[in-house]
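Here is the structure we will look at, set down as C-alpha coordinates.
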Amino acid sequence: MSFKELDPLLHSELRLAIMSILISVDKAEFSYLKEQTHATAGNLSVQIDKLNNAGYISVTKMFKGKMPCTICKITDVGKKAFTEYVDALKSYINVGSTNLK
(Lines give C-alpha, C1' and ligand atoms only; values in the text may rest on other atoms or scores of the structure.)
Protein backbone atom coordinates (compact mmCIF):
# COMPACT_ATOMS: atom_id res chain seq x y z
CA MET A 1 0.00 0.00 0.00
CA SER A 2 1.42 3.37 -0.95
CA PHE A 3 0.27 6.65 0.46
CA LYS A 4 -0.58 9.65 -1.67
CA GLU A 5 1.80 12.56 -1.22
CA LEU A 6 0.53 15.40 0.96
CA ASP A 7 1.05 18.89 -0.46
CA PRO A 8 3.67 20.43 1.87
CA LEU A 9 2.25 23.91 1.27
CA LEU A 10 -1.13 22.81 2.65
CA HIS A 11 0.37 20.65 5.39
CA SER A 12 0.79 23.73 7.59
CA GLU A 13 -1.93 24.24 10.18
CA LEU A 14 -2.50 27.93 9.41
CA ARG A 15 -2.37 27.60 5.61
CA LEU A 16 -4.75 24.64 5.81
CA ALA A 17 -7.09 26.70 8.01
CA ILE A 18 -7.02 29.59 5.52
CA MET A 19 -7.79 27.26 2.63
CA SER A 20 -10.54 25.50 4.60
CA ILE A 21 -12.25 28.83 5.19
CA LEU A 22 -11.83 30.07 1.63
CA ILE A 23 -13.10 26.84 0.04
CA SER A 24 -16.47 27.43 1.73
CA VAL A 25 -16.94 31.17 1.04
CA ASP A 26 -16.83 33.35 -2.05
CA LYS A 27 -14.14 35.58 -0.53
CA ALA A 28 -12.93 36.70 2.87
CA GLU A 29 -11.38 39.82 4.31
CA PHE A 30 -8.05 39.61 6.11
CA SER A 31 -9.73 40.66 9.36
CA TYR A 32 -12.21 37.76 9.09
CA LEU A 33 -9.42 35.25 8.45
CA LYS A 34 -7.48 36.68 11.40
CA GLU A 35 -10.52 36.38 13.65
CA GLN A 36 -11.32 32.83 12.54
CA THR A 37 -7.76 31.47 12.72
CA HIS A 38 -6.64 33.37 15.84
CA ALA A 39 -3.35 34.06 14.04
CA THR A 40 -1.26 37.16 14.50
CA ALA A 41 -1.50 39.68 11.66
CA GLY A 42 2.16 39.13 10.77
CA ASN A 43 1.96 35.33 10.62
CA LEU A 44 -1.33 35.42 8.71
CA SER A 45 0.16 37.87 6.21
CA VAL A 46 3.19 35.63 5.59
CA GLN A 47 1.02 32.54 5.06
CA ILE A 48 -1.36 34.41 2.73
CA ASP A 49 1.66 35.53 0.69
CA LYS A 50 2.84 31.91 0.39
CA LEU A 51 -0.59 30.75 -0.79
CA ASN A 52 -0.84 33.71 -3.17
CA ASN A 53 2.63 33.06 -4.63
CA ALA A 54 1.66 29.42 -5.23
CA GLY A 55 -1.46 30.56 -7.10
CA TYR A 56 -3.77 28.91 -4.56
CA ILE A 57 -5.47 32.18 -3.63
CA SER A 58 -5.80 35.64 -5.13
CA VAL A 59 -5.31 38.73 -3.00
CA THR A 60 -6.91 42.09 -3.70
CA LYS A 61 -5.89 45.14 -1.70
CA MET A 62 -8.26 48.08 -1.56
CA PHE A 63 -9.61 50.69 0.80
CA LYS A 64 -12.89 50.73 2.72
CA GLY A 65 -13.24 54.41 3.36
CA LYS A 66 -9.80 55.33 4.65
CA MET A 67 -8.97 51.86 6.00
CA PRO A 68 -6.93 49.35 3.99
CA CYS A 69 -8.78 46.14 3.20
CA THR A 70 -7.27 42.88 1.93
CA ILE A 71 -9.64 40.41 0.26
CA CYS A 72 -8.63 36.77 -0.28
CA LYS A 73 -10.30 34.36 -2.68
CA ILE A 74 -9.45 30.77 -3.50
CA THR A 75 -8.47 30.14 -7.13
CA ASP A 76 -9.33 27.14 -9.31
CA VAL A 77 -5.74 25.95 -8.80
CA GLY A 78 -6.26 26.28 -5.04
CA LYS A 79 -9.55 24.37 -5.15
CA LYS A 80 -7.86 21.53 -7.05
CA ALA A 81 -4.90 21.46 -4.64
CA PHE A 82 -7.20 21.48 -1.61
CA THR A 83 -9.35 18.66 -3.01
CA GLU A 84 -6.27 16.58 -3.80
CA TYR A 85 -4.89 17.23 -0.31
CA VAL A 86 -8.14 16.12 1.34
CA ASP A 87 -8.28 13.00 -0.88
CA ALA A 88 -4.68 12.16 0.01
CA LEU A 89 -5.42 12.64 3.70
CA LYS A 90 -8.44 10.33 3.38
CA SER A 91 -6.16 7.63 1.95
CA TYR A 92 -4.10 7.77 5.18
CA ILE A 93 -7.23 7.62 7.32
CA ASN A 94 -8.74 4.74 5.34
CA VAL A 95 -5.58 2.66 5.61
CA GLY A 96 -5.39 3.34 9.34
CA SER A 97 -9.02 2.44 9.95
CA THR A 98 -8.68 -0.74 7.88
CA ASN A 99 -5.77 -1.86 10.05
CA LEU A 100 -7.81 -1.32 13.23
CA LYS A 101 -10.39 -3.93 12.27
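Applying the condition of being out of contact with any Leu (no Cβ under 7 Å at 6 or more places or on another chain) and aliphatic (A, V, I, L, M) to region 23-50 and asking which residue is surrounded by the fewest Cβ atoms within 10 Å (Cβ to Cβ) yields ALA41. Across region 32-76, the number of residues qualifying as in contact with a strand residue (DSSP E or B) (Cβ under 9 Å, 6 or more places away or on another chain) and part of a loop (DSSP other than H, G, I, E, B) comes to 2.
Restricting attention to region 42-59, the residues that are hydroxyl-bearing (Ser, Thr, Tyr) and touching a residue at least 24 places away in the same chain (Cβ under 8 Å) add up to 1.
Scanning region 1-22 for residues that are of a type in the set (A, V, I, L, M, F, W, C), out of contact with any Gly (no Cβ under 8 Å at 6 or more places or on another chain) and surrounded by 13 or more Cβ atoms within 10 Å (Cβ to Cβ) turns up LEU6, LEU9, LEU10, LEU14, LEU16, ALA17, ILE18, ILE21. Within region 76-87, being of a type in the set (Val, Ile, Thr) and either farther than 16 Å from LYS50 by Cα or under 11 Å from the mean Cα position of the chain (by Cα) (or both) holds for THR83, VAL86.
Kindly indicate whether TYR92 is at pLDDT 95 or above and aromatic (Phe, Trp, Tyr). When the stated conditions are applied, TYR92 does not pass them.
Taken together, the criteria exclude PHE82 from residues that are part of a strand (DSSP E or B) and of a type in the set (Phe, Trp, Tyr).
Taking region 51-71 as the range and being surrounded by 13 or more Cβ atoms within 10 Å (Cβ to Cβ) and of a type in the set (Gly, Ala, Ser) as the test, the residues that pass are ALA54, SER58. When region 76-90 is examined, which residues are found to be of a type in the set (Ser, Thr, Tyr) and free of Cβ contacts under 8 Å to residues at least 12 places away in the same chain? Matches in region 76-90: THR83 only.
The values are calculated or read from the model by the stated rules, or taken from the named source; none is laboratory data. Predicted, not measured: the structure shown is a model, and the values here were computed from it. Because the Cβ atoms are built from the backbone with ideal geometry, glycine has one as well, and the counts that use them run over all protein chains shown.
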